[in-house]
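The values are calculated or read from the model by the stated rules, or taken from the named source; none is laboratory data. These figures come from a predicted structure and were not determined experimentally. Cβ: placed from backbone, ideal geometry, glycine included. Neighbour counts: every protein chain shown.
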Amino acid sequence: MASQENKLVVIPRDEAKIKKLWKTAGILFVLTSIELVFAFTLPRGIFLYLLFIALTIWKAKYIMMDFMHLGEEAKPLFYSIVVPLIFLLWFVIAMIREGSDIFMVRW
């Protein structure tokens, strides 16, 4: 048998990708910092909860587009992931609403 050599090829650093990664990490850090400040300064209520939901969805968008590499994919693949998440969110809100309405029914 002939011996096979495994040769490791090192790809040079892509500075544009590294810069994009740090930019995304910075945006996620800023959004998380804003959430932390709002958590300790704003009174509890529907505004705070909606703000947290909006910031979380915004952070999820950055994570999906950059770290999961969906930004470079075809649009149908992106929509096949995002649209079911919207319906899942609608389902959770509907179930919470129905669950709270059951207590309003008179026996």
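Of the residues screened, VAL10 is not one that is at pLDDT 90 or above and either closer than 23 Å to MET65 by Cβ or outside the structural domain of ASP66 (by TED's automatic domain parsing) (or both). Within the stretch 79-100, the set of residues being of a type in the set (A, V, I, L, M) and within 27 Å of PHE29 (Cα to Cα) comprises ILE81, VAL82, VAL83, LEU85, ILE86, LEU88, LEU89. Checking each residue in the stretch 35-49 for being over 21 Å from the mean Cα position of the chain (by Cα) and farther than 23 Å from ILE93 by Cβ picks out PHE40, THR41. Looking only at residues of the stretch 50-78 that are over 22 Å from ALA25 (Cβ atoms), at pLDDT below 80 and not basic (Lys, Arg), we find that the one that is nearest to the chain's Cα centre (by Cα) is LEU77. Suppose the filter is exposed (fewer than 10 other Cβ atoms within 10 Å of the Cβ) and over 14 Å from the mean Cα position of the chain (by Cα); does ALA16 pass it? Answer is yes for this residue.
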